[in-house]
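Below is one structure, written out as structure tokens, with a few remarks after it.
The values are calculated or read from the model by the stated rules, or taken from the named source; none is laboratory data. The model shown is predicted, which means the values in this text are computed figures rather than measured ones. So basically every Cβ, Gly included, is an ideal-geometry build from the backbone, and we count neighbours across all protein chains shown.
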Amino acid sequence: MPEIRVDPLTGHRAIVAGDRATRPGGGLSVTPAEAIDPASDPFADGHEDRTPPELYAVRPDGASAGGADSPGWSVRVVPNLFPALAPDSPPPPPQAKPDLFTALPAAGRHEVVINGPQPVLSLAELPAEQAAAAAEVWRERMLAHDGAAYQHLIVNERREAGASLPHTHAQLYALDFVPSAVARERERFGAYATRTMGGNLLGDLVAEEVRMRERIVAIDDDAVLMCPYGSRLPFQLLLAPRRPRRRFQDEGPTGAALLHEGLSRLRRRFGASPPLNLWIRTAPRDAEHFCWRIDVVPRLTHLAGLELGAGIHLNIVAPEQAAAELRDA
């Protein structure tokens with residue numbers, strides 16, 4: 001029977017209705033994407049002149065014979081060619097009715113992390129050690145913008161999930177404000193700590209999920225991978241550290257090995273890597289109680305009027321079923 005579930009981390013409500021997957025047109029499938037043409041790939045090794053000058057790169061022995069913007073890198077960071085944020089963003093023109101119309105400078109930084117020189121569309125197609133190297137650079141760049149109010153790192157895979165270039169890459173937004181969704185989670189972590197005399201909301205959630213085992217996909221020494229109780233979309237994944245840490249960018253495991261495994265399980269389950277959105281939720285500035293996590297949302301269904309109009313997602317695959325299928329993958 002359908003039920004409404006409340007996500008303990010965000011407070012979002014989702015309708016979980018597994019029977020709807022059997023309705024006409026309700027099946028889930030993934031069409032393989034076309035391979036990348038290396039000749040037209042601006043993120044390929046040897047095409048450094050097709051991007052803005054690099055901000056950071058990892059190369060063997062720390063450098064290459066050609067120096068910056070030369071081939072031979074394993075992970076490379078460049079400014080976004082079409083940035084949504086800029087450190088010198090000018091103030092918008094004043095509004096006649098500022099109590100009704102508010103506009104602020106789009107201040108901040110917007111970077112691209114090229115996850116590897118391999119011309120592939122997904123992190124799952126990279127070697128596991130390359131995905132781990134990319135995650136380390138994600139952390140380095142978040143630390144480079146430690147003065148920002150919030151650092152939001154995302155990976156969009158395939159055009160259906162918003163990727164304008166197919167070569168696997170991440171984007172980092174260094175914001176001078178805390179987004180309302182993150183602020184709401186900060187409040188929920190704080191309220192839980194008060195109620196439980198210091199408990200960590202995500203840490204306690206992970207411990208209970210591991211005890212129950214219903215929604216666990218995989219576990220290693222560093223992290224836990226699960227289909228969250230309040231999953232808003234089919235086969236949604238959540239990766240959390242085994243031991244709670246406030247910020248992803250601080251010293252400690254990144255969970256990259258388990259993330260790569262989870263994305264590989266999705267790929268095996270559907271025969272191809274699905275379009276997906278991935279983001280890192282890390283502690284915003286001044287958050288005393290928090291725990292980082294990585295959310296992975298495959299884009300297997302379309303958002304429609306219920307989701308866009310009411311903010312209530314309709315999930316046609318129960319997370320318990322999704323976890324079981326991914327464990328078998």
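So how many residues does segment 101-153 have that are among the hydrophobic types (A, V, I, L, M, F, W, C) and more than 23 Å from Pro32 (Cβ to Cβ)? Let's see the steps before the verdict.
Taking segment 101-153 first, the residues among the hydrophobic types (A, V, I, L, M, F, W, C) are 101, 103-104, 106-107, 112-114, 120-121, 123-124, 126, 128, 131-135, 137-138, 142-144, 148-149, 153.
When the remaining residues are screened for being more than 23 Å from Pro32 (Cβ to Cβ), the result is 101, 103-104, 106-107, 112-113, 132-133, 135, 137-138, 142-144, 148-149, 153.
Going through segment 101-153 one residue at a time, the tally reaches 18.
In segment 278-295, of all residues being in a strand (DSSP E or B) and not acidic (Asp, Glu), the one that is surrounded by the most Cβ atoms within 10 Å (Cβ to Cβ) corresponds to Ile294. Counting just the residues of segment 205-233 that are closer than 14 Å to Ile294 by Cα and among the hydrophobic types (A, V, I, L, M, F, W, C), which one comes out surrounded by the fewest Cβ atoms within 10 Å (Cβ to Cβ)? Here the answer is Val224. What tally of residues in segment 96-115 results from selecting those that are under 17 Å from the mean Cα position of the chain (by Cα) and outside any strand (DSSP E or B)? Count: 1. Applying a threshold of 6 Å to beta carbon distances and a minimum spacing of six or more residues, or different chains, the list of pairs starting in segment 1-18 at a residue that is of a type in the set (Asp, Glu) and ending at one that is modelled with pLDDT under 95 and surrounded by fewer than 17 Cβ atoms within 10 Å (Cβ to Cβ) is empty. Listed conditions (1) under 20 Å from Pro8 (Cβ atoms); (2) surrounded by fewer than 23 Cβ atoms within 10 Å (Cβ to Cβ) are all met by Gln236, apart from (2).
Of the listed requirements (1) within 15 Å of the chain's Cα centre (by Cα); (2) at pLDDT below 95; (3) not β-branched (Val, Ile, Thr), Ala329 misses just one: (1).
Looking at segment 204-262 only, could you name the residues that are assigned to a helix (DSSP H, G or I), of a type in the set (A, V, I, L, M) and under 18 Å from the mean Cα position of the chain (by Cα)?
Going residue by residue through segment 204-262, those that are assigned to a helix (DSSP H, G or I) are 204-212, 256-262.
Now drop any that are not of a type in the set (A, V, I, L, M), which leaves 205-207, 210, 212, 256-259.
Selection gives Ala256, Ala257, Leu258, Leu259.
Looking only at segment 296-320, filter to residues that are under 18 Å from Leu263 (Cα atoms) and either free of Cβ contacts under 8 Å to residues at least 60 places away in the same chain or among the β-branched types (Val, Ile, Thr) (or both); which one of those is surrounded by the fewest Cβ atoms within 10 Å (Cβ to Cβ)? By that ranking, first place goes to Thr301.
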